[in-house]
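Undergrad: Quick one: the structure is below, questions incoming.
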Amino acid sequence: MTDWISGRPAAWAVAVMCIVIMAMAGQAQSAGDLDSDGVSDSIDNCPNDPNPAQINRDGDSLGDACDPYPAHHLIARVLAPDFAVTDRALQLIYWLEDRNGAPVEHLDGVQFTLTLSGWATFEGLSGPGRLLAGAGTHEALVEFVDGLVLLDITDPVAEQVILGGEDSQGIGIRLEPQLFESFEAGDGGFTHSGTNDSWEHGIPTSGPGAAYSSSRVWATNLGGRYPTSHDASLVSPRIHLPAGSEPTLEFQSWLEVYSSSDWGRVEISHDGGTIWTTLETLNGSERSYTLKSYDLSVFAAATVQVRFRFYSNSYGEEAGWYIDDFAISAFTKSIEFLDPALDPDEDGLTNSEEISVGTGPKLADSDWDTLVDGADNCPLTENRYQLDSVHPNGIGDACDDPDADGVFDREDNCPDTPNTDQANLDGDRLGNVCDPFPTADIRIRALGPDFGLTDRPANATYQLEDASGSTLTTLVGVRATLTLTGSAVFGTAASEGV
């Protein structure tokens, strides 16, 4: 409207228009669109910053318009034991990953609020990182340095403590408590064995020709087909599922088999591998990565292992089975603090002793070899015969390594001399570094009559041979202790030898 005299808008009309505009703005805000970008706040990935296109390159909870790290989907993970004791500090290790499981080490200024339930408190830094606030409390604001934060915590009370996290700085980061293994940093602690075992960890060039995420997988053959008559398994490390949790096993699977008589089987054990429960048998080809998911709620409070068993018949070969992005999700990471003086599993070790050794405070036989931890000379290594002959010292041959070369006495071909590579040129029982004759596999052959008389000496001849039976005539200084049974005794040397 205009003023009839001046031709300018009437003052009352301007006022009405302003009221209408303000009302419209108020309606927009009451409808839940604070930034007026046409996207409801309930689904807007930047509710305070106009971004009608909702661009989100990293796929986290924040759009690019309000994400300080728009190219990084940040996930914080924590490494912590399942049990601790109330009389000592416990170190927690937090680190940053991207959504593919790759470490994020180069971002500066990433801050996150960590939380503890119950009476537990953060005491201070025990390594890289910055503790910005919250020392002595259950809530700590930290800043990652080179992708890491190491903190000590304590708890004076025997209780279950839940580890949590809050994105207090609004940067789109979250704490992911689930176990997740992308197999990028290593093999995940998985082991394999069996008949015609062809399981491999690495970059696949056959089958799918790629990992589901990043580059590495576990497969029955990374660069070809699986063999016939294959019956071998890939086994996860032990995983403790907290009591009261509702965990789910998930992984990406790619499978190609020659016929329905070849199959892959997903199994789980809660008794160290004595009994395996089948979760599913896959006997048909799935030539694209498929998410497999299994409810593990019935195994809550147990320590479990997951097994991928692959079987093939005696004819026909194909690409086989490829496993990636192994995860156990939907449970909160927690630590059970225990009274150090108690022995709840009655294995002869207190909780404090179990934590120091590394055995399970609520598992009487941690290595499942039928011997309780307190009576086992290698409580973390299966050795039901308790051999302690190489270095008799109370530590079993299966776990004793006095030369600190990473090879236990049971397998070490030079138990007193470090030799990590176990090189053994002549193939005898001694490695090169402790073998005085490293190029000769020396055997002693006894030659002599089958019968002798009690009233006169019998001549016995001993000669040195190699593994092929050839006589060794050039070696000097070879010594051996010879023995006789019964009442027979050695006389003097009749000819050669000393």
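Undergrad: When averaged across all projection directions, what area in nm² does the alpha-carbon convex hull of the range 194-253 cover? All intermediate terms of the calculation are to be shown ahead of the outcome.
TA: Details: hull surface 21.5 nm².
Computing the convex hull of the Cα atoms and averaging its projections yields 5.4 nm².
Undergrad: A follow-up question, please. Mind giving me the nanometre distance, one decimal, between the label points for ASN48 and THR370, set 7 Å out from Cα along Cα→Cβ?
TA: 6.6
Undergrad: For the chain, which span is the longest to avoid every loop-located (per DSSP) member of chymotrypsin sites (Phe, Trp or Tyr not before Pro) having at most 13 other Cβ atoms inside 10 Å?
TA: 5-314
Undergrad: Here's something else I'd like to know. Got the relative contact order for the range 328-447 handy, in percent, Cα pairs under 8 Å and 6 or more residues apart?
TA: 11
Undergrad: Ignoring solvent entirely, what values of log10 I(q)/I(0) come out of the Debye formula for the range 288-384 at 0.16, 0.17, 0.20, 0.26 Å⁻¹ when each Cα is a single scatterer?
TA: For the range 288-384, the Cα-only Debye profile gives -0.86, -0.91, -1.04, -1.32.
Undergrad: Shifting gears a bit: With a Förster radius of 30 Å, plug the Cβ-Cβ distance of CYS434 and ASP231 into 1/(1 + (r/R0)^6) and report the FRET value to the nearest 0.05.
TA: Given R0 = 30 Å and the Cβ-Cβ separation, E is 0.20.
Undergrad: Separate question: So, in Å, what gap is there between the alpha-carbon centers of the range 248-287 and the range 158-185?
TA: What the calculation gives is 29 Å, centre to centre.
Undergrad: Let me ask another. If you take every DSSP beta bridge whose two residues both sit in the chain, what share of them, in percent to the nearest 5, is antiparallel? Let's see the in-between values first.
TA: On the way: 86 of 91 bridges.
Roughly 95 percent of the beta bridges in the chain run antiparallel, per DSSP.
Undergrad: Output wanted: per-residue J couplings in Hz (rounded whole) for the range 127-132, from phi through Karplus 6.51 cos²θ - 1.76 cosθ + 1.60, θ = phi - 60°, x for Gly and Pro.
TA: Going residue by residue, I get x, x, x, 10, 9, 7 Hz, with x marking Gly and Pro.
Undergrad: Which angle from 0 to 90°, rounded to the nearest 10, does the C-alpha axis of helix 11-30 make with the longest principal axis of the chain?
TA: Rounded to the nearest ten degrees, it is 20.
Undergrad: So how compact is the range 418-462: Cα radius of gyration and Dmax in angstrom?
TA: Both quantities, over Cα of the range 418-462: 17.9, 54 Å.
Undergrad: If you don't mind, there's one more thing I want to ask. Would you work out the relative contact order for the chain, in percent, from Cα pairs under 8 angstrom that are 6 or more residues apart?
TA: After rounding, I find 10 percent.
Undergrad: Related question: Hey, what number do you get for the chain at 222 nm if only DSSP H runs of n ≥ 4 count, each worth -39500 (n - 2.57), divided across all residues, to the nearest 500?
TA: Mean residue ellipticity, 222 nm, calculated: -1500 deg cm²/dmol.
Undergrad: Taking N as the number of residues in the range 242-326, what value does Rg over Cα atoms divided by 2.2 N^0.38 Å take? Write down the numbers at each step before the final one.
TA: Numbers: Rg = 14.1 Å, N = 85, 2.2 N^0.38 = 11.9 Å.
Here the answer is 1.19, to two decimals.
Undergrad: For the chain, what is the convex hull volume of the alpha-carbon atoms per residue, in Å³?
TA: 259
Undergrad: Between GLN160 and VAL476, what is the label-to-label distance in nm when each label sits 7 Å out along the Cα-to-Cβ direction?
TA: 7.4
Undergrad: If you plug each phi of the range 69-84 into the Karplus form 6.51 cos²θ - 1.76 cosθ + 1.60 with θ = phi - 60°, what whole-Hz ³J(HN,Hα) values come out, in order, with x for Gly and Pro?
TA: 10, x, 9, 10, 7, 8, 10, 9, 10, 10, 9, 8, x, 7, 9, 8
Undergrad: Explain nothing, just compute: Karplus ³J(HN,Hα) = 6.51 cos²θ - 1.76 cosθ + 1.60, θ = phi - 60°, for every residue of the range 197-212 in order, whole Hz, x for Gly and Pro.
TA: 4, 10, 4, 9, 10, x, 9, x, 10, 10, x, x, x, 6, 6, 5
Undergrad: I've got another one for you. How big is Rg to Rh over the range 71-202, alpha-carbon atoms, Rh as the Kirkwood inverse-mean-distance radius?
TA: 1.04
Undergrad: Kirkwood Rh over Cα pairs of the range 341-498 into Stokes-Einstein at 10 °C, 1.306 mPa s: D in µm²/s?
TA: 80
Undergrad: Same structure, new question: Which value, to two decimals, describes the C-alpha radius of gyration of the range 147-278 once divided by 2.2 N^0.38 Å?
TA: Taking the Cα Rg and dividing by 2.2 N^0.38 Å, one obtains 1.36.
Undergrad: Compute the Rg/Rh shape ratio of the range 333-372: radius of gyration over Kirkwood radius, all on alpha-carbon atoms.
TA: My calculation puts Rg/Rh at 0.96.
The numbers here are math on the coordinates, done by the rules we state, and not lab data. Keep in mind that what you see is a predicted model, and the values were worked out from it rather than measured. Every residue, glycine among them, receives a Cβ derived from its backbone with ideal geometry; neighbour counts consider all protein chains shown.
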